[in-house]
Structure formats: structure tokens, C-alpha cells
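Student: Could you have a look at this structure, given as C-alpha cells, before my questions?
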Amino acid sequence: MQPKTASLVSALSDRDPIVRTFAAESLRAVPCAEAAVRRALVEALKDAEAGVRYHAAGALAKRGLPPQSAVQRILDALDPSERVPFANAVSALAMLGEERTGRELWQLFSSGLDEELAIVTAFALARLPFGRGQVDARPVLLGALESTEEWHRREALLVISLLEHESAEGDYRHAMQRELARFAAVDPEERRSAARSCAIVGTRGEQAVRPLIDLLSDSDRMMRHYAAVALRTIGTPEALNVLKSYKRESSNELFRTIESETVLVQREVAVALGAIGQASEATFAGLREALRHEDSGVRYFAMRSLQELGAPASALEEELAEHLEGGDKISRSNAVNALAALRSERAIPALKMTLQDRLEDVRVLAAIALEEIGAIDGVEAALPVLTRCLADSGAWYQPLALRSLVRITVAERFEGTDLAKALDDYRTQQLIALRHRDVRTRREAARVLSNMGVAARPAREALVEALDDRDAVVKGNSIEALRALDDPGALEAVERRGKRLLKELLIALDSPNVEEQRDAVFALGRLGAPAAGVAPRIVEYLDDERKPLRRAAARALGTMGAVEAIAGLIDALDDHDWGVRSNAARSLGSFHLTAQGAVPKLLELLRERDLELRKARAFLFG
């Protein structure tokens, strides 16, 4: 067995379901028929993760049929009341292609399944090389091409590409033309979806090669990634030659992405450790170690948490002084950012120098620190950097910078500057955006206004109107913005509409659409205490198989103040999705000492790198 194959077989037993899924998917492309590989794949058919079972079945199908006992395991999962196991079992049976499974699938298709399960079963029937399934499934397949669900369209395209009846070629050409036209869409997610569709048809996707090559230069990183994956699966000589030069860049980009996801979690963890308030020796040690982290945000929040926990300022300054004066460039940068969080005047000269740093987030954190220290010359130097942040919507540091700008304006320390006008203009832009027809624009405007705090008071009436917006996220962001105004009238407006908002959001929570459910969970979290009665239901979403719902629940439970969710949130720190881990850490911080049971796991996350790198290795093997 080749070392790479042995690594993938070993990864099938990894504790992380993402690693196991990547390993099973990668083994589909490894031409190895050894008995040990086959045994590992048969064992993977029992995996708790549906994706692992699916790809293991595909890998076995390429190596010949597995033992009859393995086929029986899949047949045993054919229970329509369990939707996801059913869908994966049906797809796995189609890949195995055994005549007995064809009979089972035909009986299911004829038994009156609901629309979604009928689509799944039609896809499976059409893939089989025998029986009546191909022709009879055609109307369902063509209907799926018009679906709003991406996986319906993508799977339908794949199945149509495999059909052999007389109308199949025309159906396929028409479907591919629709996908290629979507490459011109403004919405990046629609373009990504089209690339994923081209990837799934494999060698039949030749007509997409030139457009996909052009997309390797797209400004959207994920678009470039999906275009590269599609070109690799299509596999024409032209596509593979282009990928040779792209491969190194994309591999490096993947590692940078994974590293950045880990960093996002660790920033929230550093904040949470301070908010929980357990001033233990282990907590101090973990946060001091984080002062040497390569990310300026993690360093900044670690120092802030050390402050909140009562670490002696003199001891921290002494510890950092060595790095400020005698360390290498990275050590000095770490020390400057840490001293900035400590609000030490000793850091002012170095912070002014750091305003010229090549990294935007380092410059912004230095500017924020100068504002917080409060020395006039420091704040004057920081103003240009902070003001530029008004154009950095979506950057992790923008809320911090915006609050600094508001504090400067409220304190009226710089009446001779144009800062007040700049903030007024910025607020006016957000007011206009709050009434925009595009829902994403309205969401972002309400979010930015919430970060402006008291400086957004002139927007109060517009924010009250936004409570009636048809979109749950706009409602949620507007609730948060109104509370941030520190205005009794704004709070009364939220309270008056509380019962009606709760009723509307509960209706959305019962929607069959996962995005509407996710948005309702988000808004219920922003509603806070009035939604506390819904908390037990939201806790259940922490174990939901749908990532968007787990992410939303992990954040909402903290803003609701649902103490009963602490145990579930601690478990969520082990979720394979970085967004769930990040939101769980933030929510645990909001419970303060009540959540001190989370501290050991949070400290582990603050140090963790290995898990994410193992995911990357499994992916790159494919």
C-alpha cells in the first residue's frame, strides 16, 4: 500500500468527521484494490457521518461490489421518516449499481414519496444501468433543474449527463448552457454554484473549460477554488496544464484560509476567557502565551482579557518590555499590540510607528490603542487611520474602530476636525441603505448602525420602522442598534413590539426553508429575554445536521441569556465547523463565571493548530 493511500485509510478513523469525509472522498480517486482498503471502506459504511457513508459507497463501487452484508447495511437505512440517512442510503445504492438495489429503489419510487425524497430516488434510478428508471424519472429530473435548491439542480445535471435515452443529449446541452450563463451573475454565490455544477459532471464538462480558466483570476477566493476543482475533475489536457501552474498557489491559499478560520475562533476564545472571569493560573498562562500569537487580533484580545482578569499592569509591562526593546520584528510587533491593549503610555512612540505598518489590521489596532490611551498627539496621529475604517465594512476590526471614532466625537476633543461631518455622512449613507430594496444591503446598514452606538441616535425612527422589515436579520440587527442608542424611547419601541416580533419569528422558525429558520434563530437571539421561552428549542439546534442552524443557535443562546444552554455550548466547542466553535465561545463569555466549566476547553482551543492542519492534509491528498 502506498504511503498516501495508507494515510487516507488511517484518516477514515479520525475523530473529526470532516477529515473522515475528505479521506473517503479522496479514496474514490485512488486506484488501489488491496483488501485492507476494501475492509476499511466497508467499515466506513457504518460511520455516523452521512457524507462518509456516501463517499465510502462510491469508493467501493469503483472496486467492485462489497460483501452482501455491506449492501444490507445500506438497505437497512431506507426509512423515509429519517430523511438524511434515507437520501444518503439511496445515493450509495445507486453508486453500487446492484440489480437487487434497483428493484428496491423502483419500489420506493412508486410508493408515493414526498417531492424531495422522490427527487433523490429519481436521481438514483436514473444512474442505474438497467430497469425502467431512466425514462420514468426524466420528468422529475427536468423539474429539478428549475429548483431553488442548488443540490437539486447540480445532482439533476449530473444524472442527465449519464442518461442514454434518445432525448438525454439535448437535455444535457440545455442544462449546461443554463449553468454557463450563471458565470456572468453578479452574486458570487451563484457563480460558485455554477462552478460546483460543472465539477460534478466530470469529463463531460469540456465546454466549461475556457470559462473556468478565466475564473481562476476571479477576485473571489472561493470562486477561484471551485473553478480549480472543476477543471481538475473535467481533466482535459488544457485544463490540467493550466492547473499545474495554479496548484502551488491554491495549496498555499487553502492553508492560509484554514489558518484564518482557526484565528477567528481564537480571537473569540481570547475575549471569552476574559469575560468569563476565572482568574486561574492556567488562564493567565494561556493568555500570556497568546501574547506571542502571530495574529495581532489574538494578541490584542488576550491582553485585554489579562487586564479584565486583574493581571498586575506592572508585571505585564515588565514582561513585554524585553520584547519591545530587544526582540526581533515579530516580537516587537507583538509587544506593541499587547501594550496597546494595556493602554500603557510607554507604548505611544512605538504605536505611532506602527501606524505605518504594512498590515491594515495592525495599523488599526495601533490607532485604536492611541485613542484609548487618550494622549492628544496620539489621537491626532490615529484619526486618519480610524477614519479610513469607515470604508472597511465587514472587516473584523471595523466595529472597534467605529467605537473609537464615536468616543472621540462624543468627547468633543477635536472640534476643529472633519470627523463629526464624516460620521454624519456615514450615518446618512446607512440610513439610505436601511431602506434599500436589496435585503443584504439593509442587513449590513442595520448592523453598522448598531456598531455606531449613541452616534446613531438620529437614526432612531428609521430603526424603529425597520422592526417591521420582512427580513428577520434586518429585524434582529435593528433591535440591537436601538438598544445601543442608550435611549429610553428606543427601548420602549422594542418593548412595545416585543410580543408581535416574537410571534412573527416563531412562525419563521417553523419554515421548511433552512435559511429562514437560521435568520429567525438569529433574530430571536437579538430579541433577548422576551424570547427566553424558546431557548430549549434553540438548544436542540446545536446538534442539528445543518451547519447554518448550528451556527445561529450557538450565537443566539448567548444573547438570550439561556443559562441552561451552557453544557450544550461547551460541547459545541468541539464542532467540526469553525463558525459554530467561534459563536459558542462568544456566547459562553456572555455567561461570565457561570460558564467557568468551559475554561479548560477554551484554553485548548487557544493553542490548537493540529486539527485544522489535518483537515488540510486530507483535502490535499484528494
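Student: In debye to the nearest 20, how big a dipole does region 339-479 give about its Cα centre with +1 on each Lys and Arg Cβ and -1 on each Asp and Glu Cβ?
Tutor: That gives a dipole near 340 debye.
Student: Test of understanding: express the Cα radius of gyration of region 508-575 as a ratio to 2.2 N^0.38 Å, with N the residue count. Write down the numbers at each step before the final one.
Tutor: Values: Rg = 10.7 Å, N = 68, 2.2 N^0.38 = 10.9 Å.
Its radius of gyration relative to the 2.2 N^0.38 Å reference: 0.98.
Student: Rounded to whole Å and sorted largest first, what semi-axes of the equivalent ellipsoid does the C-alpha gyration tensor of region 449-522 yield via the square root of 5 times each eigenvalue?
Tutor: Taking √(5λ) for each eigenvalue gives 24, 12, 8 Å, largest first.
Student: Taking the C-alpha atoms of region 428-489, how large are the radius of gyration and the largest Cα-Cα span, Dmax, in Å?
Tutor: 9.9, 30
Student: Continuing with the same structure: In whole Å, largest first, what are the principal axis extents of the Cα atoms in region 394-528?
Tutor: 55, 30, 23
Student: Here is a further query. For region 140-244, what D do you get in µm² per second when you plug the Kirkwood radius from alpha-carbon pairs into Stokes-Einstein at 20 °C and 1.002 mPa s?
Tutor: 157 µm²/s
Student: Let me ask something additional. Using protein chains only and a probe of 1.4 angstrom, how many square angstrom of Phe301 are accessible, to the nearest 10?
Tutor: For Phe301, solvent-accessible area is about 40 Å².
Student: Sorting Phe86, Phe183 by accessible area (1.4 Å probe), largest first, what list results?
Tutor: Numbers: Phe86 0, Phe183 25 Å².
Most to least solvent-accessible, the answer reads Phe183, Phe86.
Student: To continue, here is another question. How charged is the neighbourhood of Arg550? Take every other residue with its Cβ under 13 Å from the Cβ of Arg550, and add Lys/Arg as +1 and Asp/Glu as -1.
Tutor: Counting the neighbours of Arg550, the net charge comes to -2.
The values are calculated or read from the model by the stated rules, or taken from the named source; none is laboratory data. These numbers come from a predicted model, not from an experiment. Counting neighbours? That spans all protein chains shown, and the Cβs are built from the backbone with ideal geometry, glycine included. These area figures cover heavy atoms from the full protein model, side chains too; ligands, DNA and RNA do not enter into them. Shrake-Rupley method; radii C 1.70, N 1.55, O 1.52, S 1.80 Å.
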